[in-house]
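Let me begin by presenting the structure, written as structure tokens, before commenting on it.
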Amino acid sequence: MQVVVIGTGYVGLTAAACLAHLGHTVFGVDDDAQKIQALSAGRVPLYEPHLGELVQEGRGNGRLRFLSSLADALTGAEVALICVGTPIGAKGEADLSAVEKVARRLAEAATGPLLVVEKSTVPAQTGQWIARTLATTSKGAGVDLEVASNPEFQREGSAVSDFLHPDRLVFGVSSAQGEAQLRALYAPILERRINCPVHAQACPGAAPPVIVTDITTAELIKHAANSFLATKISFINLIADLCERLGADASAVAEGVGTDPRIGRANLQAGLGFGGSCFPKDLQAFVALAQQAGVDFNLLEEVSRINARRIDRAVEKLRQELWVLKDKEIALLGLAFKPETDDVRNAPALALAERLKAEGAVVRGYDPQAGPRAASATRAIAVVSDAYRVAENADALVLCTEWPDFAALDWSRIHKTMRRPLVLDGRNFIDRAKLEAFGFRVLRMGA
Ligand code: NAD
């Protein structure tokens, strides 16, 4: 198929590269001219495992191209995927201005039939607005523009793998033809014809289930999924607070609770809380949507409040050890909001750094991939390029992101260079006994 992907950020670029890898001809379009220039020259402007190889593969075999002009990209296209950002608006609602703009431009530029697919996370009923915009703006005769929703569930850090091996595909459609087109788009995945760059030999699992719904239901599935996942995280973090008061261990509680298949172990890890570009804004947007619909979803406001308190809790723990934080040197290990990404949007590490800086502490930070983005996002952190340098002379080291490599650092070397061998494991990730054997005092979240 010939596919246009509009918005070449974390979601759009992954979708474009994976769809080209599956055999489609894909044009990636973005408003950001620098991004298009970089991608056209073979430079991938974000870090995501395996994405670079797929982009190079697609550029090499001519199946993946990047353009600034939507009109040029649309010539001969059958499907257009909207992958632009949907940030928080002034009142907590989703800001859909980029989606609306793309819908107008698509209607103006389309010269033939086109399936317009929402991949951006949008509030329920956005599809109806897109359809209305397409109908009122389109050139009319012969230009059959249909809307579908195909929410994206990929996780940064494993986005390529998630795209090629999805748990499920959700198709929100208004016609059998729309469903057939989405099935054709994903045919190699549904028929297990994937030459996967992630799992060198055997790819896991069977074909994913396809959940076919109306468009509004598909939109709601995505917001409900993110809200539920965030709720799980805040739930275990509240349990963590209780464990600290009662002398119990939140990690063991999580294991004891999460091994129940009705509950599951995923997203049940006490720590510094969630961040990223999705959960925080999607919760707010879902609450705003529910409010407009007359449904009180205070539950999710509490989920956000519990999450914000994780940073307070980490600062309290440091204060209990260091007394006065002013002029203390604090090392942050990990700045990205999660491992295997360079994304620092709403990263807990950055929120913690801002709080510590406000207390007068001196904050240094290191991340294997996210250093440059963190340095441009905040002045609260002096970003260094080495995990050992970040710890030198530090009064405390806070592990903010569970990059697997951190477990294998030379902790004996780190111990020797710190002013005070104090580690706050904000992700309950590193073997406590191992660190204690080196002489560290180790604090965990929820223990
Ligand atoms: P992003 O900020 O990384 O990328 C958005 C891209 O859209 C940018 O490159 C931007 O320049 C471009 N853009 C904005 N307006 C445009 C326009 N009018 N025309 C062309 N390009 C335009 O965002 P993202 O993280 O990729 O998220 C995109 C959407 O997908 C959001 O709705 C998000 O909630 C959703 N989502 C994100 C993830 C994730 O892990 N990041 C996962 C699932 C869903």
Computed over the chain: relative contact order in percent, which uses C-alpha pairs under 8 Å that are six or more apart:
12 percent
What's the exposure ranking of 344, 303, 143, going from fewest to most Cβ atoms within 10 Å?
143, 303, 344
Quick one: which residues, 5 or more positions from residue 398 or on another chain, have an amide H under 5 Å from its amide H? H modelled 1.01 Å from N in the peptide plane, none for Pro or chain starts.
331, 332, 333, 424
Which percent, to the nearest 5, of DSSP beta bridges fully inside segment 2-213 are antiparallel?
5 percent
Within segment 58-125, trypsin sites (Lys or Arg not before Pro) in DSSP loop having at most 15 other beta-carbon neighbours inside 10 Å
91
Net +/- balance of residues flanking residue 325 in space, Cβ distance below 12 Å, scoring K and R +1, D and E -1
0
Give the angle, between 0 and 90 degrees and rounded to the nearest 10, that separates the Cα long axis of helix 215-246 from the longest principal axis of the Cα atoms of the chain.
10 degrees
Rounded to the nearest 500, the 222 nm mean residue ellipticity computed for the chain from DSSP H runs (n ≥ 4, each -39500 (n - 2.57)) alone is -13500 deg cm²/dmol
Give, as a single signed number, the net charge of other residues whose beta carbon lies under 14 Å from the beta carbon of residue 394, with Lys and Arg counted +1 and Asp and Glu -1.
+2
Packing-based exposure ordering (other Cβ within 10 Å, fewest first) of 222, 317
317, 222
Of 232/328; 101/222; 35/357; 119/338; 101/139; 281/326, which sit over 24 Å apart, Cα to Cα?
232/328; 35/357; 281/326
Answer with one residue from 229, 106, 172: the one whose Cα lies farthest towards the positive end of the charge dipole of the chain, charges on Cβ with Lys, Arg +1 and Asp, Glu -1.
229
For 68, 158, 175, 251, order by how many other beta-carbon atoms lie within 10 Å, fewest first:
175, 68, 158, 251
So the pair-distance distribution of segment 215-447, from every Cα-Cα distance in 10 Å bins, comes to percents of 8, 32, 35, 18, 6, 1
Using the Karplus equation 6.51 cos²θ - 1.76 cosθ + 1.60 (θ = phi - 60°), what ³J(HN,Hα) coupling, rounded to whole Hz, does each residue of segment 162-172 give in order, writing x for Gly and Pro?
5, 5, 7, 10, x, 5, 7, 10, 10, 10, x
Can you tally the net charge around residue 291? Count Lys and Arg as +1, Asp and Glu as -1, for every other residue whose Cβ sits under 11 Å from the Cβ of residue 291.
-2
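Values in this text are rule-based calculations from the coordinates and carry no lab data. Quantities reported herein were computed from a predicted structural model and do not represent experimental measurements. Here the Cβ is made from the backbone with ideal geometry for all residues, glycine too, and neighbour counts use every protein chain on show.
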